[in-house]
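Colleague: The structure is given below, and queries will be raised subsequently.
The values are calculated or read from the model by the stated rules, or taken from the named source; none is laboratory data. These numbers were taken from a predicted model, which means no experiment stands behind them. FYI the Cβ positions are ideal-geometry reconstructions off the backbone, even for glycines, and counts take in every protein chain you see.
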Amino acid sequence: MTYQTHIAETGQLIQSHQGTWDGISAEAVARMRLQNRFRTGLDIARYTAAIMRRDMAAYDADPAAYTQSLGCWHGFIGQQKMISIKKHFGTTKRRYLYLSGWMIAALRSDFGPLPDQSMHEKTSVPALIEELYTFLRQADARELGMMFRELDAARAAGNRIEEQRLLQAIDNYETHVVPIIADIDAGFGNAEATYLLAKKMIEAGACALQIENQVSDEKQCGHQDGKVTVPHEDFLAKVRACRYAFLELGVEDGVIVTRTDSLGAGLTKQIAFSKEPGDLGDQYNAFLDCAEVTDLSTVNGDVIINRDGKLMRPKRLPSNLFQFREGTGEDRCVLDCITSLQNGADLLWIETEKPHIEQIASMVDRIREVIPNAKLVYNNSPSFNWTLNFRQQVFDAWAAEGRDVSAYDRARLMSVDYDGTDLAAEADERIRTFQKDAAARAGIFHHLITLPTYHTAALSTDNLAREYFGEAGMLGYVLNVQRQEIRQGIACVKHQNMSGSDIGDDHKEYFAGEAALKAGGAHNTMNQFAA
């Protein structure tokens, strides 16, 4: 419905009330409706799920059409990302937000900072989704409000050409609301608990849920040790629980991202149930580290399994966990991924210990032999030392080519001494093209950074504190923060506007007319930033 249609329809409704609604402006109602396009989280989930499905199809047709996101832990952070993307690129197309369980645990728990072990309140996950979309919707309201003010000014000046341009821009307005890939960890309990939490997340607006194959009560960050996986059937029950939640709520395009931590997980809490040789349980158990039992008198309360007609004792640790054989991680990842895609998953996530395209591609090639359109979400993690990893990759490649690398110490390549070298320049170029190259070679549809704003907040605060509390004093803030906001056109320099003050003034005028007491008058110091 166009802006003018909104006005016409509302005008007819007002007239139908025979004068009792004459204090209501049809155009003001039309503006408020456009500024609040999404009525519920389910409206958002359905809208953004359709975006993701279109983007997935576009990637299948052309791997250059990969998507990206940055992790966020506060609605303001997510809002600023999308405002910045629209400012710099003119569109939010193929740019999403990622909701990181790590950042909720570290920054949003009532218990204070927690490790990424599913110890935080699970209600904080849907609460953050709702918060993110509240801020994104407010970004729409703010930007449209500014356009409405420009429209009023064009009309007052009698500028018909500018008026028509603005009306067209309003009708073609692109929202800041984008898909959020939301981390549901290992489901925060059993399959029923996963289903209940998934519903809350979807109702808050999530169109994509990312769930991992670790044991809920043993969950670890994907880049730490001690990870414990569950048998496939246990995991698939939670995947199905997520799908049921989407379907119950009418989000039929909802996206499920299944994450495997098997590459770095050498332990399992359970031996899988198996009905017959070669079934899924048997395949899972085949990776267990076992020793043949030839004398049953040596068995003391141990678990014994039959493998190829032999009695085998799986290696069990004092923690009561069972151990997988060394070197089986990639094979387990491939089986996890194929099994997930064959049982309702839409996208894969393989957690790796380093950003290495060929390592990822070697697994994806095997998966695609079974499922040709398999696609990945990949964590471009700050847990990796990107500089060191890529310098070592270049060092190894050059050494394999027979190039002279005697000027470099592979173990010390992170040193500032190498920052200006040819090797460092080549490594940086590989980092620059990593996402494009991995999208083409390794089937990565979506690249994300889980914790970027955690690190940017720490870095910028450290820099400001050093300057402000040091010799620079107030100049440390003015020179490095406010003046840069002005020079770079950062909207937040007008922080009253960003907090909704101008939107509130518009509403006051709608409600009270000339009697409205507005904040944005001549004495508002935000006017100092108008130039």
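Colleague: Given the criterion aliphatic (A, V, I, L, M), under 22 Å from residue 128 (Cα atoms) and within 23 Å of the chain's Cα centre (by Cα), identify the matching residue among 236, 247, 263, 196.
Modeller: So the residue among 236, 247, 263, 196 that is aliphatic (A, V, I, L, M), under 22 Å from residue 128 (Cα atoms) and within 23 Å of the chain's Cα centre (by Cα) is 196.
Colleague: When you check residue 326 against the structure, is it surrounded by fewer than 12 Cβ atoms within 10 Å (Cβ to Cβ), more than 33 Å from the chain's Cα centre (by Cα) and among the charged types (D, E, K, R), yes or no?
Modeller: No: the conditions fail for residue 326.
Quick grid of which residues meet (1) under 17 Å from residue 81 (Cα atoms); (2) modelled with pLDDT under 95; (3) surrounded by 14 or more Cβ atoms within 10 Å (Cβ to Cβ); (4) in contact with a Phe, Trp or Tyr (Cβ under 6 Å, 6 or more places away or on another chain):
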| residue | (1), (2), (3), (4) |
| --- | --- |
| 427 | no, no, yes, yes |
| 437 | no, no, yes, no |
| 470 | no, no, no, no |
| 481 | no, yes, yes, no |
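Colleague: Which condition does residue 301 not pass, out of (1) touching a helix residue (DSSP H, G or I) at 6+ places or on another chain (Cβ under 9 Å); (2) of a type outside the set (Phe, Trp, Tyr); (3) farther than 30 Å from residue 255 by Cβ, if it passes all the others?
Modeller: (1)
Colleague: Hey, can you tell me all the residues within the range 64-84 that are surrounded by fewer than 19 Cβ atoms within 10 Å (Cβ to Cβ) and more than 12 Å from the chain's Cα centre (by Cα)? Explain how you work it out, then say what you get.
Modeller: Going through the range 64-84, the residues surrounded by fewer than 19 Cβ atoms within 10 Å (Cβ to Cβ) turn out to be 64-65, 68, 74, 76, 84.
The answer is 64, 65, 74, 76, 84.
Colleague: Residues in the range 294-312: is at least one surrounded by 17 or more Cβ atoms within 10 Å (Cβ to Cβ) and within 27 Å of residue 350 (Cβ to Cβ)?
Modeller: No, that holds for no residue.
Colleague: Would you check which residues across the range 345-374 are assigned to a helix (DSSP H, G or I), over 17 Å from residue 446 (Cβ atoms) and touching a helix residue (DSSP H, G or I) at 6+ places or on another chain (Cβ under 6 Å) and list them?
Modeller: 366, 370
Colleague: Residue 163 is checked against (1) without any contact (Cβ under 8 Å) to a residue 40 or more places away in the chain; (2) loosely packed, with under 15 Cβ neighbours inside 10 Å and fails just one. What number does that condition carry?
Modeller: If we test residue 163 against (1) without any contact (Cβ under 8 Å) to a residue 40 or more places away in the chain; (2) loosely packed, with under 15 Cβ neighbours inside 10 Å, just (2) comes out false.
Colleague: Please state which one of 58, 45 is without any contact (Cβ under 8 Å) to a residue 60 or more places away in the chain and either more than 18 Å from residue 188 (Cα to Cα) or within 16 Å of the chain's Cα centre (by Cα) (or both).
Modeller: Details: 45 fails: without any contact (Cβ under 8 Å) to a residue 60 or more places away in the chain.
Exactly one of 58, 45 is without any contact (Cβ under 8 Å) to a residue 60 or more places away in the chain and either more than 18 Å from residue 188 (Cα to Cα) or within 16 Å of the chain's Cα centre (by Cα) (or both), namely 58.
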